[in-house]
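Worksheet: the structure to be examined is printed underneath.
The values are calculated or read from the model by the stated rules, or taken from the named source; none is laboratory data. Keep in mind that this is a model prediction, so the values were computed, not measured. Glycine gets a Cβ as well: all are built from the backbone with ideal geometry, and neighbour counts include every protein chain shown. Note: accessible area is taken over every heavy atom of the protein model, side chains too, but ligands, DNA and RNA are not part of it. Shrake-Rupley method; radii C 1.70, N 1.55, O 1.52, S 1.80 Å.
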Amino acid sequence: PRRPRRSEADRQGASARFLTAVGAATPSTSASSGGDAWKDLVDFDTFRWNGYSINYAVNKSRNPEALDVLLVHGFGASIGHFKKNIAELVAKGYNVHAIDLLGFGESEKPLGYSYTMEGWRDLLVSYVEEVALAPKGLVIAGNSIGSLATLLTAEALVGGPLQSRLKGGVLL
């Protein structure tokens, strides 16, 4: 038997309840009003992936005892898409990572590159291996196409040497 489809309101409500449970911002609970204040909370840097420059941000006030959260934007977006979430998660004591996928934001936009979900998955797995060391664990949260990248990344991590780091995934 097929499960009945949930309404958009039900899906949004469930997402809001989950994000509240893990301390993420929702439009009505965000401590930040937007703007660029969130940029003062993070350090921007790049790492090399398959020869390409990938932009990412990590909060300045890292807590070795806290859970890490990796934010993955959707199609046509960038790190700034999560400005309210970054502010709220940092305020709640999480270690926050946000990444510009290859082809978006401040990451390199190579001409002739064949953009695929598997490529973005591999990029995220490399980021987890090389940058997001997450000693207390990692939750990956993706929005839109970033949700699919999140699922593929979680699948790649499960059963591998990094499985113990992965504590969950959030699809927005």
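Please report the accessible area of K136 (heavy atoms, 1.4 Å probe, ligands and nucleic acids excluded) in Å², nearest 10.
Counting only protein heavy atoms, the figure is 100 Å².
Taking K and R as +1 and D and E as -1, what net charge do the other residues with C-beta under 15 Å from the C-beta of V158 add up to?
After counting each charged neighbour, the total is +1.
Cα-based Rg (one decimal) and Dmax (whole number) for the stretch 95-161, in Å?
For the stretch 95-161, the Cα-based Rg and Dmax read 12.1, 39 Å.
What does the C-alpha gyration tensor say about the overall shape of the stretch 33-103? Classify as rounded when a/c is under 1.5, otherwise prolate if a/b is larger than b/c, or oblate.
Numbers: a/c = 1.98, a/b = 1.35, b/c = 1.46.
Cα axes put the stretch 33-103 in the oblate bin.
Let me know the charge dipole size of the stretch 41-137 about its Cα centre in debye, to the nearest 20, where only the beta-carbon of Lys, Arg (+1) and Asp, Glu (-1) is charged.
The calculated dipole for the stretch 41-137 is roughly 280 debye.
Rounded, prolate or oblate: which fits the stretch 129-172, taking a ≥ b ≥ c as square roots of the Cα gyration tensor eigenvalues, rounded meaning a/c under 1.5, else prolate when a/b beats b/c?
prolate
Pairs of alpha-carbon atoms within less than 8 angstrom and 6+ residues apart define the contacts here; what relative contact order does the stretch 52-172 have, in percent? Write down the numbers at each step before the final one.
Numbers: 225 pairs, mean separation 37.2, N = 121.
Here the relative contact order equals 31 percent.
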